[in-house]
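Notes follow once the structure below has been shown.
The values are calculated or read from the model by the stated rules, or taken from the named source; none is laboratory data. The shown structure was predicted, so the numbers you read here are calculated from the model rather than taken from an experiment. Because the Cβ atoms are built from the backbone with ideal geometry, glycine has one as well, and the counts that use them run over all protein chains shown. Just so you know, the surface numbers come from the protein's heavy atoms only, side chains and all, with ligands and any DNA or RNA stripped out. Shrake-Rupley method; radii C 1.70, N 1.55, O 1.52, S 1.80 Å.
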Amino acid sequence: MVKAGFGGGCHWCTEGVFQALRGVAQVEQGFVKSDAPADTWSEGVIVTFDPSLISLATLSEVHLRTHSATRFRSPRSKYRSAIYIFEDSQRNEAELAITSFADESGKTVHTLVLPFASFEASEARYQNYYRTDPSRPFCRRYIDPKLEYIRTHFSTLALPEAT
């Protein structure tokens, strides 16, 4: 198993997206910190995955396509778009995914590739936010469309409960 982190605005949304994918063993949501220069806490998730079933490149692509990766936010923002790498060897794969997405979309991508420094989990009552009650208005408005995108564009990776 391998770990990587993702920050893309609200961690409730990000958690729900990665929980819907085959090959993802665990998603922990909370606050991720990187090293300088973006050494502030931001909302994010830590994803533990099986690289023989899903690659970091694919996880990065899902991430880039399911949040506002082209919207500028300060690198020190609580809602910054980021891929947090746990090993230097992950940097190239993450950067390649960003470049590919930028080339395809024709837009500037504001997602940072940052070294993981620390993680603090959200309160227990917020863990598994979507799975706990998908009928919440927040879930219906923000998470459901992301899951629909996964079912449509990443159908072979969508878990049965996401279909």
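Full extension from SER77 to ARG91: what is 0.36 nm times the residue separation minus their Cα-Cα distance, to one decimal in nm?
Working: separation 14, 0.36 × 14 = 5.04 nm, distance 2.11 nm.
Extending this stretch completely gives an extra 2.9 nm.
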message: At 7 Å along Cα-to-Cβ for each site, give me the label-to-label distance between LEU53 and ASP133 in nm.
response: 3.0 nm
Ratio Rg/Rh, restricted to the range 51-114 and using Cα atoms, in which Rh is the Kirkwood radius: 0.95
task: Straight distance only, please: which lysines reach the Cα of LYS3 with their own Cα at less than 18 Å, same-chain residues fewer than 8 apart left out?
output: LYS33
- request: Please work out the average accessible area per residue across the chain, using the 1.4 Å probe convention, and give it in Å².
  value: 49 Å²
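Of all alpha-carbon pairs in the chain, indicate the percentage at a distance above 28 angstrom.
Working: 1622 of 13203 pairs.
The share of Cα pairs beyond 28 Å in the chain comes to 12 percent.
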message: Under 10 Å, Cα contacts only: if you run a Gaussian network model on the chain, which one of LEU147, LEU96, LEU64 comes out with the highest mean-square fluctuation?
response: LEU96
- prompt: Using a 1.4 Å probe on the protein chains only, how many percent of the accessible area of the chain belongs to carbon and sulfur?
  reply: 50 percent
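Please give the charge dipole size of the chain, origin at the Cα centre, charges +1 on K and R Cβ atoms and -1 on D and E Cβ atoms. Round to the nearest 20 debye.
Details: 18 positive and 19 negative charges, 122 e Å.
In debye, rounded to 20, the chain gives about 580.
Can you show me the helix-derived [θ] at 222 nm for the chain, built from DSSP H runs with n ≥ 4 at -39,500 (n - 2.57) apiece and divided by the number of residues, rounded to the nearest 500. Don't skip to the end; give the middle numbers.
Numbers: 5 runs with 49 residues, N = 163.
After summing the helix terms and dividing by residue count, I get -9000 deg cm²/dmol.
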- line: Between GLU161 and GLU104, Cβ-based FRET efficiency (R0 25 Å, step 0.05) works out to 0.30
